[in-house]
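The values are calculated or read from the model by the stated rules, or taken from the named source; none is laboratory data. Since the structure is predicted, the reported quantities are computational estimates derived from the model, not experimental observations. Here the Cβ is made from the backbone with ideal geometry for all residues, glycine too, and neighbour counts use every protein chain on show. We work out accessible area using only protein heavy atoms, side chains counted, and drop any ligands, DNA or RNA first. Shrake-Rupley method; radii C 1.70, N 1.55, O 1.52, S 1.80 Å.
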Amino acid sequence: MSLEHPATTIERHPMALVEEPPLYRADLTLSQVTRDIVAPLDRRPNGWWWLAFLISVTLLGVGAITVVWQLRAGLGILGLTWPTMWGTYITNFVFWIGIGHAGTLISAILFLFRQRWRTAINRAAEAMTIFAVICAGLFPLLHIGRTLLAYWLIPYPNFRHLWVNFRSPLIWDVFAVSTYATISLLFWYQGMIPDLATVRDHKQGRIAKKIYGIFAMNWRGTARDWNHYESAYGMLAAIATPLVLSVHSNVSMDFAVATAPGWHSTIFPPYFVAGAIFSGFAMVVTLMAIVRKVYNLEDYVTLDHMELMCKIILVTSLMVSYAYATEMFSAWYSTDLYERNRFYGVHFGLTHTFFTGPYAYAAWIMLACNCFIPQLFWFRRLRRSLPMMFLISLGVNLGMWFERYTIVVSSQARQFLPSSFGYFRPTRFDYAVLAGSFGLFFTLFLLFVRFVPVIAVAEVKAVLRQPVGEPAVTLEERHA
Amino acid sequence: MSSLHETAVVKIEDPGPARFAPGLRRGFLLAAVAGLALTALGIWRSPQEAWNGYLVSYLYFLILSLSGVFLVALEYVTGATWSVAFRRLAEALTRYLPIAFLATIVFVFGFRHLYPWAQPGYHFARAAKQAWYNPGLVSARALIYVGLWMLFGWLFVRRSLRMDEAWRRGESTARWLPRRHPGGFGKLPSAAGRLSAGFIVLFAATFTLASFDWVMSLDPRWNTTMFGVYLFAGLFEAGWALVLLMAVLMRRRGMLGGLLRDHQYVDLSRMLHAFSIFMVYIGFEQYLLIWYANYPSETIFYHQRITNGWGWVFLFLMFAKWVFPFTVLLNQKVRKNERVLLAMAWLVLIGEWVDLYWLVMPRIHAHFYFPSWITLGELLAFLGLFGLAVTGFLSRHSTVAVGDPRLSHSVAGDYL
């Protein structure tokens, strides 16, 4: 010890000790947790569930019929027309992939950052990820037109020595999205195994017991089980972390590698990732605001959890705004005429700027919902108001859809020469398929809340007592 | 998630100010004096070379100092506990900012040797951009940016030192912390949390504009939207490396009073690891998109920097800033090994300087050019000044933020 002054020992002032606020109500017991979360699975669904399910399935049906129609009639029934050959299908693809990002962020990155509050929302967010990726994956398959030949996207040795174009980001997407779907599914399922065992043990009916038992893979909750479980979980989290960045970076490159004004921008990859997390969290807030109410889970998904998610929405909103601002500033700064004109210019006498042209409505919805309105979350009162966060998160979802619409459609419609200008107008088939994807998403989500515990029971138990300084819950107790 | 609650109450002993070996401070002083002399000589003999070198080292130490402000702000805004044990080290870094402010005033005089737009007779195609790059306006902007950063750094450090004093007087310092909300379990943001949030928003804007002004406009016709993020990624990575370096060097010499534990090493190296990935992600995406679009007006930037010997520097950067930190720190066991940590931290810190050198120099040296005596002299000068500022602060104040009520939790690892 080479200290100039002798070390002065001062007992820590007892008043100064800070206690982390507990995540959950102090009087929750372990068995109470199981009862509260598993109970809805035993009850018959109420009228609201049936109503929601009916609406979702109807939408899904409309979408399915439209898709069949499109497969028979061809892509021409959509608004696709030269020069805008990527329309709402690609917009929807990017939109849904983005929605999926909250799940991976919560399950992987927040796990590595030891954010204990994630336990209340990770299950639902991961489920949402899977369903969103399913919705997303459908769109490129439909968009390629000859959907039955979609397997040509997969590189495999073949007699004609034909290979996919490995230098195309569209092919990178195939790998990125399928990896993402696989890892997300494994992650979700693995996290669910202890809870499926809990449900198995609680179910009365023989068939239900059997089915949950099969999916629980003979989980016994022994120390050995937990040991393997936790090391696998940690590894999956580490694998999933780069996926949070890579998938949407890849998606962004579908645009950014092209030379169209408004697409070629190096900030696209991190900007898309931030936007994805932004929209994903907005969707989680929208859904959890309803689920916690309907299923009486206010003790588990507390207002604090909701507030933290609103903070993440605020942070990512700022990141997205930063990207917009950089793009707009760079367009001004740039020496590129077309880039500049996209935002500010009068192009060969035709006014078509971002802010005033034919797509200005989309641009203003995007700016209002993604940049301006989420700033309300700077105020704590609004961050903790459920109606407010519900509305704002809905707005963010809308704004993020229009952001993708602006990027995908308006850049193609306004390229270099006035002779190749066009205007994309979605047809009713475009709307029907979009509605159908929402139908698919909500149908799957409603089935999920019906058959699987929406909250990770075992994980909630693990952090139940910790912050108040009692001994941690033992492995065996988690399964009580 | 192991529980360490049995050890939650840690007896905090004030480690007091650091007593550095007298040779160290003298060495920094000597470096500063000799470096300044070389700088002056260089500016006299070969102004263009000298001002480009000045930009590299000026920016390098400004970035390191700013990383301190950013890490402190990040702790406050996220309410982090783990970083309390080494926050003072990040605070020490901010103490170089006043010197950086003076260096900015000097830097303004080099504009016409550095930037094409500052040369008489240079014309942009557009009047607006001509006005934006009016040397007077750029100078004013530069001083405002650095002044703002300095102000925030000063506010953060003042708060921390006040807590120390209150603690020494035996007062409760809880009032500096986020308060519990009466209506729920949540916390109200502390004043510092709000200040930090404001700083981070302001910092994103000012740092991006500064990076455009100071580095990107070396070639006024070249631009990339990622550039601000690229320099920020370097700042963040180098910031973790520098704090880790200081933590290891000072803990080894017993200057941190045993308050910095192994779990802080593990987490610091984890952050270094994570942000080395972030760095390569940003760098790679920027490269890939420019390469792929293949616009000559954009590829010229990389072409200058990967041909004629500069390509080896590019490779070195990739290894120093990503390949080695990534592969070595992937191993959980080495994250407590001080020698490995030191090696990785040095590598990243050297990499960051080389990165700036690689960004600036190829413009005046088409072929790879080993840093000249002028450039090295400037590095020496700034290193000396930076070292004096940082060690000066640490030898006047406790090396650990003893007044922070969360310190015992940080030391005990309650956040684990």
* Structure fact -> Longest principal axis of chain A (C-alpha) makes with the long axis of helix A:47-73 (C-alpha) an angle, in degrees to the nearest 10, of 30
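First select every other residue whose beta carbon is under 10 angstrom from the beta carbon of A:Thr266; then total the charges, Lys and Arg +1, Asp and Glu -1. Walk me through the intermediate numbers first.
Details: positive: none; negative: B:Glu285, B:Glu298.
For residues surrounding A:Thr266, the net value is -2.
Taking a cut-off of 13 Å, what percent of all Cα-Cα pairs in the stretch A:38-112 are separated by more than that?
Working: 2214 of 2775 pairs.
The proportion of pairs with Cα distances above 13 Å equals 80 percent.
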* Percentage of interatomic Cα-Cα distances in the stretch B:247-343 larger than 18 Å -> 58
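Kindly provide the Kirkwood hydrodynamic radius of chain A in Å, to one decimal, from all pairs of distinct alpha carbon atoms. Mind showing how you got there, number by number?
Values: mean 1/r = 0.0410 Å⁻¹.
For chain A, inverting the mean 1/r across all distinct Cα pairs yields 24.4 Å.
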* Angle, helix A:30-42 long axis vs. longest principal axis of chain A, Cα atoms, 0 to 90°, nearest 10? -> 50
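For the stretch B:3-412, compute the number of Lys pairs whose alpha carbons are separated by less than 28 Å, excluding pairs fewer than 8 positions apart on the same chain.
Details: B:Lys11/B:Lys187; B:Lys11/B:Lys336; B:Lys321/B:Lys333; B:Lys321/B:Lys336.
Step by step, the pairs that qualify in the stretch B:3-412 add up to 4.
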* **Principal axis dimensions, largest first and in whole angstrom, of the stretch B:301-401 by Cα** => 48, 36, 19
* To do: Between A:Trp332 and B:Val106, take the C-beta separation as r, use R0 = 35 Å, and let me know the FRET efficiency to the nearest 0.05.
  => 0.70
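Could you calculate the contour length gain from A:Ala39 to A:Tyr361, that is, 0.36 nm times the residue separation minus the distance between their Cα atoms, to one decimal place in nm? Mind dumping the intermediate values first?
Numbers: separation 322, 0.36 × 322 = 115.92 nm, distance 4.62 nm.
Extra length available between A:Ala39 and A:Tyr361 comes to 111.3 nm.
So what's chain B giving for Rg/Rh, alpha carbon basis, Kirkwood Rh from the mean inverse pair distance?
On the way: Rg = 22.0 Å, Rh = 22.5 Å.
Computed over Cα atoms, the ratio is 0.98.
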* To do: Rounded to the nearest 10 degrees, what's the angle between the helix B:373-394 long axis and the longest principal axis of chain B, both from Cα atoms, 0 to 90?
  => 20
* Structure fact -> Out of A:Phe53, B:Val323, B:Ala174 - ranked by how far each Cα lies towards the positive end of the dipole of the protein assembly as shown, with unit charges on the beta-carbon of charged residues - the top one is A:Phe53
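Which whole-number percent is the relative contact order of the stretch A:261-374 (Cα, under 8 Å, 6+ apart)? Intermediate values should be presented prior to the final figure.
Working: 76 pairs, mean separation 29.7, N = 114.
Contact order relative to length: 26 percent.
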* Asked: Using a 1.4 angstrom probe with every protein chain in place, what is the largest-first accessible-area order of B:Leu209, B:Leu288, B:Leu137?
  -> B:Leu137, B:Leu209, B:Leu288
* To do: Run the numbers on chain A and let me know its relative contact order in percent, using alpha-carbon pairs under 8 Å that are six or more apart.
  => 30
* Asked: FRET efficiency for B:Leu151 and B:Arg194, Cβ-Cβ distance as r, R0 = 22 Å, nearest 0.05?
  -> 0.90
* **FRET efficiency, 1/(1 + (r/R0)^6) with R0 51 Å, evaluated for A:Thr222 and B:His123 via beta carbons** => 0.10
* To do: Pop a pseudo-label 7 angstrom from the Cα along the beta-carbon direction at both B:Arg363 and A:Ala64 and give the gap in nm to one decimal.
  => 6.2
* To do: Evaluate the relative contact order of the stretch B:3-412 (contact order divided by residue number), counting alpha-carbon pairs under 8 angstrom at least 6 apart; express in whole percent.
  => 38
* Taking K and R as +1 and D and E as -1, what net charge do the other residues with C-beta under 14 Å from the C-beta of B:Lys336 add up to? -> +4
* Return the inverse of the average 1/r over all pairs of distinct C-alpha atoms in the protein assembly as shown, which is the Kirkwood hydrodynamic radius, in Å to one decimal. => 29.4
